Amino acid sequence: MTILAKRQPSAAAAKVIACSERGKVERAALWPGLEATSRRYISRIVPKEFSGKFGEVHLVLPHADSREKIVLVGLGEPKTWDHRKAILSIRRATTASREQGVRTLAIGIEDFAVPDTPLERIAEWAATNAHLANYEFRKYKEAPKEGWKDIAAIELTVTEPQKIAAAAKTGATIGELTNFCRDIANTPGRDMTPMELSAIAKRAGRDWGFEVNVFDRDEMKRLKMGAILGVAKGSDEEPQFITMEYHNAGNAAPIVLIGKGVTFDTGGLSIKPASSMYEMHLDMSGGAAVIAAMAAIAGLKLQANVIGLVPAIENMLSGRSYRPGDLLTSMSGKTIEVLNTDAEGRIILSDALTYAERFKPRVVIDLATLTGAAMVALGHRASALFTRDPDLSRELIEAGERSGDYVWPLPLWEEYEEEVKGTFGDVANIGKYERIGDAIAGATFLQQFAKNYPWAHIDIAPMMTSVEGQGLAKGATGVGVRLCVELIRSRFAKKP
Ligand code: BES
Ligand code: ZN
Ligand code: ZN
């Protein structure tokens, strides 16, 4: 899909017309090219058949009263209009148009303007979210004879297109690479093995311009990554530790991004019930997000130094699997008492957190589909954010709002540390009060390995898959990519 910044839409484009709940066609004047028949038709059906309520989308296909394709989009009550609604409206307009076979869609971005927000940002949101809404995972599906229904071009129309051209391009890159993340995450566990994940990272490094190095089992042994190796033992798939480096800010201390790369999570010997195992090929969503974020950061040539780390394993059962009761010696030297082999993500991340120390990072962020409990706490509207650093917390929440990749904080108080003390080892991999506060116990476990730098943990399990109404296809959402790109952009815009 191409995204263009233009003054006027092309004749063949379906034109988005925004209406508020007050029954007014907001800025139809922006389309001076609109035919008189269409204008008459619109004023007839608004507000009778189209109330302008937020979320309402009505597609007018050419007929006797209107020879143009028109997409009416409800903005709702103007006083409640905000960036969240702008993002959703763009997605809904795109999805509805695509479903009706629209090939070119014109969006007048001034219609979606949000108070105190530069138009460039609206253009960026439009480009990113049009891409997100136009995506479907169909690598394993035969194309229908008439071809897939896809939007081929989006025209962002605005009075001064030159002003938004760069922002539209940035937004498109972020959207495309978020979809790249979704492709990686959606790929079934049979095909998306740790080896395949590292091959994808290497290819992305070549394509986008960052360095990739991968450690195999022997190298991990040399590094004493006993935590990752312990979890990896039960699987026939070779574990991989993926390291990615992008340097474009002299000798400024880097940001380290870490992503959980469990390519399939059976739960191990503490096996998951069948219904919970569904979608566990998506348990490498954090890893996929870090790979895609590296590509986006390099693609946008951000002036930043960024390191990406992805421990990649499969959590499988066999005669070689790690067992409840096992004591694993992590790279940090701390022993991990395994009480439940299904809490594997935090174990593999502990070695990555220790490895991160060698980069003397200014900040470390990990992204992980760590707990079902985070989902229970927040629903599917935000990832859970854990950090003891109030400035970092604010920074991430704001980056979430600006990027549409929302995060919300849960506590990480010292009191919780009691709950992950081991009986026979230093740290237990599940909390003392099983199922109670699991997301916090997971974060508190990780915190034991992240004491030497500013750090935040983001439990992305709540946002791993889409839910109805978000304007996203079923499956992976690409959570984390937009957040990381936004954080790094704003961080490095300031002086180190
Ligand atoms: N990968 C899962 C968490 C998960 C569940 C992510 C559902 C997305 C959707 C993780 O490895 C896990 O199994 N966690 C356990 C932890 C428990 C044993 C303390 C969980 O959430 O049940
Ligand atoms: Zn698990
Ligand atoms: Zn898992």
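A few comments on the model shown:
This table checks each residue for (1) closer than 30 Å to residue 306 by Cα; (2) under 17 Å from the mean Cα position of the chain (by Cα).
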site	(1), (2)
411	yes, no
418	no, no
424	no, no
434	no, no
447	yes, no
451	yes, no
466	yes, yes
472	yes, yes
490	yes, no
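- In segment 193-238, the residues that are in a helix (DSSP H, G or I) and over 19 Å from residue 351 (Cβ atoms): 196, 199, 200, 202, 203, 204, 205, 206, 207, 208
- Being modelled with pLDDT under 95, polar (S, T, N, Q) and more than 20 Å from residue 314 (Cα to Cα) is a property that residue 159 has.
- Scanning segment 389-430 for residues that are farther than 30 Å from residue 478 by Cα, part of a loop (DSSP other than H, G, I, E, B) and of a type outside the set (Gly, Ala, Ser) returns 423, 424, 426.
- Set 287, 259, 319, 268: member being farther than 16 Å from residue 196 by Cβ and within 16 Å of ligand 1 (Cβ to nearest atom): 268
- Single residue of 292, 352, 296 found to be more than 13 Å from ligand 3 (Cβ to nearest atom), in contact with a strand residue (DSSP E or B) (Cβ under 9 Å, 6 or more places away or on another chain) and assigned to a helix (DSSP H, G or I): 352
- Candidates 85, 53: the one that is surrounded by fewer than 21 Cβ atoms within 10 Å (Cβ to Cβ), in contact (Cβ under 8 Å) with a residue 24 or more places away in the chain and either hydrophobic (A, V, I, L, M, F, W, C) or not in a loop (DSSP other than H, G, I, E, B) (or both) is 85.
- Residue match in segment 376-390 (condition: within 16 Å of ligand 3 (Cβ to nearest atom) and either surrounded by fewer than 23 Cβ atoms within 10 Å (Cβ to Cβ) or within 26 Å of residue 224 (Cα to Cα) (or both)): yes
- Residue check, residue 366 more than 15 Å from ligand 2 (Cβ to nearest atom), in contact (Cβ under 8 Å) with a residue 60 or more places away in the chain and closer than 20 Å to residue 214 by Cβ: yes
The values are calculated or read from the model by the stated rules, or taken from the named source; none is laboratory data. No experiment lies behind these values; they were computed from the predicted model shown. Cβ sites come from the backbone with ideal geometry, for glycine too, and all protein chains shown count toward neighbours.
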